[in-house]
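Here's the structure we're looking at; comments come further down.
The values are calculated or read from the model by the stated rules, or taken from the named source; none is laboratory data. Every value quoted in this text rests on a predicted model; they were computed, and no experiment measured them. A quick note on method: Cβ atoms are made from the backbone with ideal geometry, for glycine too, and the neighbour counts reach across all protein chains shown. Each accessible area value is taken on the protein alone, full model and side chains, heavy atoms only, with ligands, DNA and RNA left out. Shrake-Rupley method; radii C 1.70, N 1.55, O 1.52, S 1.80 Å.
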Amino acid sequence: MNQPQPSSTACDGCGATQTLSLIIHNVRYRAKNRRYCTNCVLKHHVGIFCPICFEVFDDSPPPHLRVMCFRCPTIAHRSCALPSTTDSAAPAPVFECPTCADPNFSYFKIPDRKSGGVDVQSAKVLVAAARIAATSMSKAAAAARFDAERRAKEAAAARKKAREALEQLASIVAKEQEALPEQRGVSSGQNAGLRVT
C-alpha cells in the first residue's frame, strides 16, 4: 500500500498544514532545511527566546538576569518568569517552562475563524518564530557561501596542479622524442660497425 506523501505546506514536526497553523516557516535545523509551523519552530529552538515575553535573544541574558528551566535548556528573563522577585542577587526559585509544565502546551493559538484576528501574544509568537527562521536561514546562506568559496579555491588549486602536470608531461615527452633519433642513430652505427668487421 502506498503511503501518502507529506504536503509541501505541512509542518515537518507535527504535520500541521498551513491552513491550520497560519504560517509554515523555512528553517535550517540540525544541518537540514525543514518546514516547521510556528509552534514547532519555537519548540525546536528553546534557549534562544524567552517563553514568556517571546523576545528572541541576540545574546543570552547575563546569568543574574535569567533563569533556566530545571527540565530543559529553556532560558527566560528573570523578570518575566519570576516577576515577584525583585532582588536579582537572591537565588532563583525553581522555574519550569510552559512546555515542560504542560505537554499539550501550544505557543501559537489558532486565530478565530470568524474574525480571523490574531491576539497580541500570538502575534509576538509569530514574530519570534519568523526571526528565528530568518536567522537560521541567514546562517545557512552564509555557511553555503563560505563552502562555495572554499570549493572554488580548491577547484582553482586543482586546475593549477593539473596544468602544471600537463606541462611537465609535455616537457618529458618532448625530451624523449628528441632523444629517440639520437638513440636510433647510435644503435644503427653500432650495427653497421659489426657488419664491417
* Asked: Given the conditions (1) modelled with pLDDT of 90 or more; (2) open to solvent by 60 Å² or more (accessible area, probe 1.4 Å), and given that Glu178 satisfies all but one, which numbered condition is not satisfied?
  -> (1)
* Cβ-Cβ under 7 Å pairs, at least 6 apart or on other chains, the range 66-86 side over 15 Å from Phe49 (Cβ atoms) and in contact (Cβ under 8 Å) with a residue 24 or more places away in the chain, far side open to solvent by 40 Å² or more (accessible area, probe 1.4 Å) and charged (D, E, K, R) -> Phe70/Glu96; Arg71/Glu96
* To do: Report yes if Ala133 is touching a Phe, Trp or Tyr at 6+ places or on another chain (Cβ under 9 Å), part of a helix (DSSP H, G or I) and modelled with pLDDT of 90 or more, otherwise no.
  => yes
* Asked: Within the range 37-66, which residues are touching a His at 6+ places or on another chain (Cβ under 8 Å), modelled with pLDDT under 90 and either assigned to a strand (DSSP E or B) or farther than 19 Å from Cys11 by Cβ (or both)?
  -> Cys37, Pro61, Leu65, Arg66
* **Selection from the range 67-77 of residues that are surrounded by fewer than 21 Cβ atoms within 10 Å (Cβ to Cβ) and not in a loop (DSSP other than H, G, I, E, B)** => Met68, His77
